[in-house]
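Derivation of every value follows stated rules applied to the coordinates shown; laboratory data play no part. This is a predicted model, so every value here is computed, not measured. With ideal geometry, Cβ positions are generated from the backbone for all residues, glycine too; neighbour counts draw on all protein chains shown.
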Amino acid sequence: MYALLITQFLRSKTVILAFGIVLVLGVLSISTGKQFLNQKQVAVEKTIAHQKKHLETQLSFHKDDIGLLSYYIKFSFINPVRPLAGISIGQSDVNSHIQSVGIVALEGQKHNTDLVNPMRLQVGNLDFSFLIIFLFPLVIIALTFNLLSEEEEIGTWKMITIHAKSTFRFLLLKLSMRLLFVFGVMILLFLAAKIILDIPFTGDFMAMCILSSCYILFWFALCLFVVFLRKSSNTNAIVLLASWLVLVVFLPVLVNNYITNSYPIGEAYTMAIKQRDAYHEKWDTDKIATYEKFYAHYPHLRKYGMETEGFNWVWYYAMQQLGDDDSKEEREAMYAKIKKRELLSRKIARFFPPLKVQLSMNDIAKTSLTQHVDFLDATTKFHEKIRLDLYPKVFEKQDPSSIAWEKYQPEFFKPTNEFSLGKSIVPMLLIVVLLVGFSVFRNLKYFS
Amino acid sequence: MKAQIVILIAKQFFKKTFNSKGLLVLWCVFLMALAYVTITGWQAFEEQHHIIGHHQEESRASWDNNPDKHPHRMAHFGSFAFREQHPLRIFDSGIENYTGNAVFLEAHQQNTANFSQVSLSTGLIRFGDLNIAMLLQIILPLIIFFVGYASITSERMNGTLKIIYLQGANMKAILLGKTLGLFLITCLFFIPALVALWSISFLEHDIINSQIATRSTYITIAYTLFFMLLCCITVIISATSENSNKALLSVLGLWLLLFIIIPKTAQVLGNYLYPNPSKIEFRTAIEEEVSKTGDSHNPDDPYFNKLRDSVLSVHKVTDVKELPFNYSGFIMSKGEKQTALIYNREHKLLIDKYRDQNSIAKNLVWLNPYLAVKEISMGLSSTDFDTYVNFLSQTEAYRYKQSQYMNELQMKYISNKAKGSEGKVHVIDSSLWKSFPDFKYEYISISDTLSNKLMAIVVLIIWLLLVVGGMLLFSNRFKIS
């Protein structure tokens, strides 16, 4: 009987159509990921080449003034995009993954955005995570909404109740076939993604597969729940599509809207203005006070003295640094707001699988906002390292040609890993068990 | 006589649907969502309006409060341009969340527009934005499909279609009547949304240059056409389907295709076919171009050396210090002109690339009326791509003017023997920059928007004419039983 069921299943138009659409969009989504990774990779290579050339050019322009030279040169700090980002692009297309910073005040430099078409951002990426979160539920709905009702409507259900040993087993067979089909397609696409995007077979890749599987199970459980309410096919279709609409389309935008409106980030502008003003006002204020503040931050530089007559680079870079130092409060206020947004997102997402899966996938792929904030923090450290390295050279007026510039290579950011798979999937699995348990329990009387 | 029948059928459909429990629930949920979206959207707009205004003022106040100083110091002090939002963004936020909100405008350097909402948000923002237009563009069409899919099939399956036909109503009247009835139901949802739209227009009309009433009128017309079209399509699908099941599957499939899959795929395909340069490529291209034509920061640049020699010979002097104006101010103004030209050229190439990326979705309006109404709605709400590009070019124009103004001041007032900008020696009076006007953002004019969106508008009208025409012409081909 199983063979017959399979033939019947594979012959239905819905299956062929669903398979076709998923396959086409799957190819498109993996190519999107591939293109994204390639672009990022090319950008990294170009950055490395550019930094070398850039240093050479600037060196030839400012042969005898290291202060001026240091003003112009920029150093790159790179957040390497991992192959997994091709599966879940997340926020990594908006937020610049390469920082090019000079030793002047950092805050004016590090928030520069990447070049990206806002229309594309609005429509959203069609990456593999989108396919899983958005499209797979639709396929599952299309395959299961009339699992039972169709048999009842065309009158075959009565025959089955007479012929089959157990109607429950029969339905289970039908359902398992669909489950196998969907999982098969998912695994196929994951394998394709793995090969095309060059993803190493690591725990993170497995975590993504497991997360996706749980999500698919969730949708099967929901469909099963609705199917076992034993309503007509039309009602099932409407109810399931409406749940999809609410869970995948409406709730996420509602939640995001709520978060954005709860925490408007005006602090970002305050910080930008404050940083500009704090630096520029130093041109007209007491030079000694500027020096004192700067040396309070970096006591070991105090030996460079406090020259007040005319222009000198110690004073200039001290002013620049104080632009950052004096806007610290505003900056922290901004990051505090971002943290709040992040926390609220996670809190709400716990209850809604689509949100949870999206955030978790971004976490695994290191394409989340947290990740970017970490990168920005690391940029601040990188900037400080470069500054403290160049300060003595500039303050001692070393000859630019005496410095080994070739050792200033772009550096790479190393992200930390703190994703917990258990926390992401346990609530989801709990919902699955509840839904399945409830629907089976309700229908016990029908099944022999 | 015929009109009477059409109205009768429409009334009957309306009453029958209106009295069903499901619709009432749906209506209440929709109204609640609408109220929530309008109120929170409005609050967010007011808040943002306040934040932007406050910061624009604060930024200007500290510009004004600068003590007398060297003009080049002011050129680097720079100013901020904050993007003022159009009140209709409460209705349709378009790409607002994805575009930068603040640009720092200083000499020698074109900064990016930063602090977009999306760059300060978690991954959830990528699901989209919630606003009135989203309810009208995505949710209401689905409601229309749900309400209307069985409009003809159920009558046919009950056998009542035959009875209506026998009583003298021809198929034309039945189709028209059902469409009208469905449209009336749609109005139950649409009119509250219009109330929201027009209350925004009335209460926010004092914002200068917003042309808000005209914009709202066009928006109203566009959505009305769109919903009429959808009602016709739903009834036609119902009439051509064998039974309600098939009609339902058809409309659901159609909804997914038109509203979710095609728009997304089109944009992704556009990006795939026309990849835009990365920031590093963009910057390198500009740098290379600048060093080719002449880099004012290079002390041995041939172009600027030649320029110096020609200036010296015109003024019949041998050293730049003897010139009657400040030479470094002069060089900076030439350099600024040079790089601004190159930057603008490269930036235009980038924007054209974006336009190419968008072109696929833009041309698909011929096949997908949703894309058409989306284009029109965003454009008229001043939240579309053109508006953003317009904002960027306004900021760059202001930046250029500000830098050149400071260069002029330097040429005019600063001694040619000045060594630097430090200290209280070579300074000019602060009133000179206080008189320089603040950045004022102008919305794109409505006539420009309309001409940009002409294709989308024409498409909507053609679609409606074709569908209504087709329905009436081929009405006798629809089966009665």
(request) Straight distance only, please: which lysines reach the Cα of A:Lys397 with their own Cα at less than 16 Å, same-chain residues fewer than 8 apart left out? (result) A:Lys63, A:Lys303
(request) Please list, or write none, the aspartates and glutamates whose alpha carbon is within less than 16 Å of the alpha carbon of A:Lys158, excluding same-chain residues fewer than 8 places away. (result) A:Glu150
(request) Note down the magnitude of the dipole of region B:302-344 about its Cα centre, charges +1 on Lys and Arg C-beta and -1 on Asp and Glu C-beta and zero elsewhere, to the nearest 20 debye. (result) 80 debye
(request) Considering Cα pairs under 8 angstrom that are at least six residues apart, work out the relative contact order of region A:319-448 and quote it in whole percent. (result) 30 percent
(request) For B:Asp429 paired with B:His49, estimate the spin-label separation in nm (one decimal), with each label point 7 Å from Cα along the Cα-to-Cβ line. (result) 3.9 nm
(message) If the only charges are +1 at each Lys and Arg Cβ and -1 at each Asp and Glu Cβ, what is the size of the charge dipole of the protein assembly as shown around the Cα centre, to the nearest 20 debye?
(response) 4120 debye
(request) Could you work out the per residue convex hull volume over the alpha carbons of region A:296-423, in cubic angstrom? (result) 142 Å³
(message) If you filter region B:82-138 for GluC sites (Glu not before Pro), then keep DSSP loop positions with at most 14 other Cβ within 10 Å, what is left?
(response) none
(request) Decide, for region A:275-363, between rounded, prolate and oblate: order the square roots of the alpha carbon gyration tensor eigenvalues as a ≥ b ≥ c, take rounded if a/c falls under 1.5, and otherwise choose prolate if a/b is larger than b/c, else oblate. (result) prolate
(request) Using DSSP to define loop residues, name the GluC sites (Glu not before Pro) in region B:213-308 whose beta-carbon has at most 16 other beta-carbon atoms within 10 Å. (result) B:Glu242
(request) Have a look at A:Leu115, A:Ile98, A:Phe134 and report the one farthest towards the positive end of the charge dipole of region A:58-144, computed about the Cα centre with Cβ charges (Lys/Arg +1, Asp/Glu -1). (result) A:Phe134
(request) Once you have a ≥ b ≥ c as the square roots of the Cα gyration tensor eigenvalues for region A:139-187, tell me rounded if a/c is under 1.5, and otherwise prolate or oblate according to whether a/b is larger than b/c. (result) oblate
(message) For Cα pairs less than 8 Å apart in space and 6+ apart in sequence, what is the mean separation divided by the residue count of chain B, i.e. the relative contact order in percent?
(response) 26 percent
(request) Just tell me, in residue order, which DSSP H segments of chain B are both 27 angstrom or longer along the helix axis (alpha-carbon based) and at least -1.0 in mean Kyte-Doolittle hydropathy. (result) B:21-64, B:171-203, B:212-240, B:327-363, B:454-473
(message) In 5 Å bins starting at zero, report the fraction of Cα pairs in region A:129-269 per bin as a rounded %.
(response) 2, 8, 15, 16, 14, 12, 11, 9, 6, 3, 1, 1, 1, 0, 0
(request) Report the dimensions of region B:79-218 along its three principal axes from the alpha-carbon atoms, largest first, rounded to Å. (result) 81, 36, 22
(request) Quick one: dipole size for region B:363-414, taken about the Cα centre, charges +1 on Lys/Arg Cβ and -1 on Asp/Glu Cβ, in debye to the nearest 20. (result) 200 debye
(request) Give the Kirkwood hydrodynamic radius (Å, one decimal) of region A:221-297, defined as one over the mean of 1/r across all pairs of different Cα atoms. (result) 18.0 Å
(message) Using a Förster radius of 22 Å, what is the FRET efficiency between B:Asp356 and B:Leu450 based on their Cβ-Cβ separation? Nearest 0.05, please.
(response) 0.45
(request) In Å and from the alpha-carbon atoms only, list the Rg and Dmax of region A:22-61. (result) 17.2, 56
(request) With a point put 7 Å past each Cα toward its Cβ, work out how far B:Leu254 is from A:Ile195 in nm, to one decimal. (result) 4.0 nm
(request) With viscosity set to 1.306 mPa s and temperature to 10 °C, compute the Stokes-Einstein D of the protein assembly as shown, Rh being the Kirkwood radius across alpha carbon pairs; µm²/s, no decimals. (result) 51 µm²/s
(message) Under 10 Å, Cα contacts only: if you run a Gaussian network model on chain A, which one of A:Gln35, A:Gln371, A:Gln91 comes out with the highest mean-square fluctuation?
(response) A:Gln35
(message) If I fit a long axis through the Cα atoms of helix A:369-395 and take the longest principal axis of the Cα atoms of chain A, what angle between them do I get, 0 to 90°, rounded to 10?
(response) 20 degrees
(message) Normalised by the empirical 2.2 N^0.38 Å for globular proteins, what value does the Cα Rg of chain A take?
(response) 1.31
(message) Could you tell me the calculated FRET efficiency between A:Phe9 and A:Val373, based on Cβ-Cβ distance and R0 = 60 angstrom, to the nearest 0.05?
(response) 0.80
(request) Please report, largest first and rounded to whole Å, the three semi-axes of the ellipsoid equivalent to region A:348-401, where each semi-axis is the square root of five times an eigenvalue of the C-alpha gyration tensor. (result) 44, 9, 5
(request) Mind sorting A:Arg120, B:Arg477 by how few other Cβ atoms lie within 10 Å of their own Cβ, fewest first? (result) B:Arg477, A:Arg120
(request) Run through every distinct alpha carbon pair of region B:1-126 and return the Kirkwood hydrodynamic radius in angstroms, one decimal place. (result) 19.3 Å
(request) Add +1 for every Lys or Arg and -1 for every Asp or Glu among the other residues with Cβ under 11 Å from the Cβ of B:Met134, and state the total. (result) -1
(request) Take the alpha-carbon centre of region A:39-108, take the same for region A:294-348, and report the distance between them in whole Å. (result) 21 Å
(message) I'd like the orientation of helix A:287-297 relative to chain A: the angle between its Cα long axis and the longest Cα principal axis, in ° from 0 to 90, rounded to 10.
(response) 50 degrees
(request) Kindly provide the trypsin sites (Lys or Arg not before Pro) of region B:388-476 that DSSP labels as loop, not H, G, I, E or B, and whose Cβ sees at most 15 other Cβ atoms within 10 Å. (result) B:Lys417, B:Lys419, B:Lys424, B:Lys440
(message) Can you return the aspartates and glutamates within cross-link range of A:Lys356? Criterion is Cα-Cα under 14 Å, with same-chain partners fewer than 8 residues away left out.
(response) A:Glu342
(message) Taking the Kirkwood radius as the inverse of the mean 1/r across Cα pairs, report the Rg/Rh of region B:361-481.
(response) 1.41
(request) Pick out, from A:Met306, A:Tyr279, A:Tyr258, the residue whose Cα sits farthest towards the positive end of the charge dipole of region A:243-317, with +1 on the Cβ of Lys and Arg and -1 on the Cβ of Asp and Glu. (result) A:Tyr258
(message) Could you check the spin-label model distance between B:Ala3 and A:Ile288? Points 7 Å from the Cα along Cα→Cβ, value in nm.
(response) 9.3 nm
(request) Would you kindly state the longest site-free stretch of chain A, with sites defined as GluC sites (Glu not before Pro) in a DSSP loop (not H, G, I, E, B) surrounded by at most 15 other Cβ atoms within 10 Å? (result) A:1-306
(request) Could I get the Rg over Rh figure for region A:361-448? Both from C-alpha atoms, Rh via Kirkwood, rounded to two places. (result) 1.48
(message) Let me check against my output: what whole-number percent is the relative contact order of region B:1-126, with C-alpha pairs under 8 Å and at least 6 apart?
(response) 18 percent
(request) Anything over 21 Å Cα to Cα? Flag those among B:Lys401/B:Lys440; A:Lys194/A:Lys423; A:Lys74/B:Lys417; A:Lys366/B:Lys348; A:Lys339/B:Lys264, in the order listed. (result) A:Lys194/A:Lys423; A:Lys74/B:Lys417; A:Lys366/B:Lys348; A:Lys339/B:Lys264
(message) Using C-alpha positions alone, give me the convex hull volume of chain B per residue in cubic angstrom.
(response) 169 Å³
(message) Give me the tail of P(r) for region B:235-388 as a percent: Cα-Cα pairs with distance above 22 Å.
(response) 64 percent
